[in-house]
Amino acid sequence: MMKRYALFLSVLASAFTLRADHFAGGTITTRCTGNNFHDVTLQLFRNCSGAALLPQTLYFTNDCGVTFSQTLPEPVSVEDVSPLCADELANSTCNGGSLIGYDLSTFRTSVYLSPCTGWRISWSVCCRNPSLNLLGTPGMYIEATLNNLDGPCFAQPEFVRNSIPLVCIGQPVSYDGSATEPDGHTLRYDLIDARYAAPEPTAVLYTGGFSGAQPFTGMAIDSISGAITFTPTLAGTIITVVKVREYDASGALIGTVMHDLLFVASVCDNDVPSADSGTFTATTGTATIDDDRSLQVCGEGSFCASLAFADADAGQNLTITSNVADALPGATLDVTGNNPVAAELCWNSTGVAPGNYQFTITAADDACPVVGIQQYSYLVKVGAGGLAGTDSAIVVCANESEVDLLGALGGEPSPNGTWLDPNASPTSNLLDPSTAEPGDYTYTVESVSGCSSSAVVAVDIAPANDPNCINIGIAEVVGYELRLYNDAQLGQRFWIGSEVSLDVDLRVLSIDGRLIMRQRVLTNPSPTAITLQGAATGMYLVHATERNTGRQQVLRLLVR
């Protein structure tokens, strides 16, 4: 197997050497450092058998009429990214050998970008290497766009994988084309046309029915996770361009980044780690499995999730690496076994803002000279919990008017939920004690993040001839004082307050003992407004029971 790989890689390296066009992709990203200064990073993948690396030029234009360029003479770093096993790295073209090798050159400069709606930062080169999906060998063009009109200071997305993926004919590919950014912005992914400078950016021509949206048969990208999937059927290189759009908290598009890359497909004797493995199998704690590689976390707290990875070559060992510690601060990924491999992800979402958090896991076998690699993208969707309030229990009289169950819940329940009666049938929040059944009334709220929360009002219905239903439990004042204030502008509204914070069940009664309203109220020195919808003018009794001690008080209220 090693000889077969070595022969293929040597031939491929020779093919690339025939041309001086040695770039195999790249990206441009920006990071604001304050006061409209930005660090601009140009990363270029280079086939090491090509021409020597020269100084590179970035071009800057905006919608406000500013145009300039900047030459970057030397890279700040050059990294060997050849997908070879450790024993064969010394034999790559990057190190004077015959096996195909790639390096990643990083250039960086600091520039002042005046506030404007549309900055475009671009780089281009005259020609590309031959590929399976492009007509001819057109040039390469990459760009980043930025909106900094109102002075926002943020870092653009940086792509997770800095590598040239070597893939195997007939074996499913899962490649992580995602990016990360530190500002909590929303990212969306597309496959787009590759471009060249003519001199304006121009879409290349595709062959074989391919296109930017489908660079090869069956190739697709997940718009949320950035995972690229397909099964290669031909040997050669496949030009692919990923575009990531960045949206701020208000949903406004604030920038885009392109990643021009190529897949190198070949006939392989080795089986890469299975594209169907790496799925969640079980969870504990606050997380549930949303789909194969997605978790839903509702509320705050700890969780653990189990995963499994496998390779069809039973004699090979798998190495698992991940960026989970960066994507989920404080998270751990514990790995056991060699092939198959069991992994357990654990994290505590306490204090984490609701949103989508993405990370990747890479499974690599120990084949040589070419390491078999499969990359998996994961999503953790953190949603708010507690929207339904907290459980409560009430006793109502059969001769009372309607009771608002939402007001009987503890906490601050959201008003957009649904109710189920004790028989699990849909009902409303207004309970008619004369016809209702006693039991648990369940309130459920679904959040936009996909989380749901529930709270229960346990209802007990006392008969009309119960002494407490005849006089509605009026008792003398015991040990504390509430204060009522009439609203000067609205006669049906009054304000209630207390010198200390109290949790009280409030009943408003007509002078003949009929219950007009029931509501749970948290009182404090800042009065709370209560409105008696539809109440006629006249005298009413306000009966309050403190929930913690059972102490009671009755006050008189005049509705004008």
Filter pass, S266 being closer than 21 Å to I361 by Cβ and out of contact with any Asp or Glu (no Cβ under 6 Å at 6 or more places or on another chain): no
Out of the residues in region 367-407 that are of a type in the set (D, E) and surrounded by fewer than 18 Cβ atoms within 10 Å (Cβ to Cβ), state the one that is modelled with the lowest pLDDT. E402
Can you list the strands (runs of 3 or more DSSP E) lying wholly within region 41-96 that have 1 or more residues being touching a residue at least 12 places away in the same chain (Cβ under 8 Å) and more than 23 Å from S110 (Cα to Cα)? 77-80
Going through L191, L149, L134, L187 one at a time, which residue ends up being modelled with pLDDT of 90 or more, touching a Ser or Thr at 6+ places or on another chain (Cβ under 9 Å) and over 19 Å from D222 (Cα atoms)? L134
The number of residues in region 272-289 that are of a type outside the set (V, I, T) and in contact with a Gly (Cβ under 7 Å, 6 or more places away or on another chain) is 2
Which one of the conditions (1) surrounded by 19 or more Cβ atoms within 10 Å (Cβ to Cβ); (2) in contact with an Asp or Glu (Cβ under 6 Å, 6 or more places away or on another chain); (3) of a type in the set (S, T, N, Q) does S110 fail to meet, given that it meets all the rest? (1)
Show me the strands (runs of 3 or more DSSP E) entirely contained within region 134-250 in which 3 or more residues are in contact with a Lys or Arg (Cβ under 9 Å, 6 or more places away or on another chain) and aliphatic (A, V, I, L, M). 140-146, 236-247
When you go through (1) modelled with pLDDT under 90; (2) loosely packed, with under 13 Cβ neighbours inside 10 Å; (3) under 40 Å from the mean Cα position of the chain (by Cα) one by one for L18, which number turns out not to apply? (3)
Test for D421: is it within 11 Å of V459 (Cβ to Cβ) and in contact with a Pro (Cβ under 7 Å, 6 or more places away or on another chain): no
Of all residues in region 227-254, which are hydroxyl-bearing (S, T, Y), surrounded by 16 or more Cβ atoms within 10 Å (Cβ to Cβ) and farther than 19 Å from D190 by Cβ? T231, T237
Determine, yes or no, whether G410 is surrounded by 22 or more Cβ atoms within 10 Å (Cβ to Cβ), within 31 Å of the chain's Cα centre (by Cα) and more than 30 Å from G184 (Cα to Cα). no
Among the candidates V352, V335, V244, single out the residue that is among the β-branched types (V, I, T), modelled with pLDDT of 95 or more and within 18 Å of the chain's Cα centre (by Cα). V244
Can you confirm whether region 188-200 contains a residue that is in contact (Cβ under 8 Å) with a residue 40 or more places away in the chain, within 29 Å of P83 (Cβ to Cβ) and among the acidic types (D, E)? yes
Residues satisfying the stated conditions in region 324-347, i.e. crowded, with 16+ Cβ neighbours inside 10 Å and either within 30 Å of D87 (Cα to Cα) or in contact with a strand residue (DSSP E or B) (Cβ under 6 Å, 6 or more places away or on another chain) (or both): V324, A327, L328, A331, L333, V335, N339, V341, A343, L345, C346
Residues of region 435-478 being surrounded by fewer than 20 Cβ atoms within 10 Å (Cβ to Cβ), at pLDDT 80 or above, within 48 Å of the chain's Cα centre (by Cα) and not in a strand (DSSP E or B), in sequence order, are T435, E437, P438
Have a look at I496, I530 and point out the one that is out of contact with any helix residue (DSSP H, G or I) (no Cβ under 9 Å at 6 or more places or on another chain) and under 25 Å from D432 (Cα atoms). I530
Per the filter on region 383-421, residues among the small types (G, A, S), in a strand (DSSP E or B) and closer than 16 Å to S447 by Cβ are G383
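The values are calculated or read from the model by the stated rules, or taken from the named source; none is laboratory data. As the structure is a prediction and not an experimental result, all values here were calculated from the model. Counting neighbours? That spans all protein chains shown, and the Cβs are built from the backbone with ideal geometry, glycine included.
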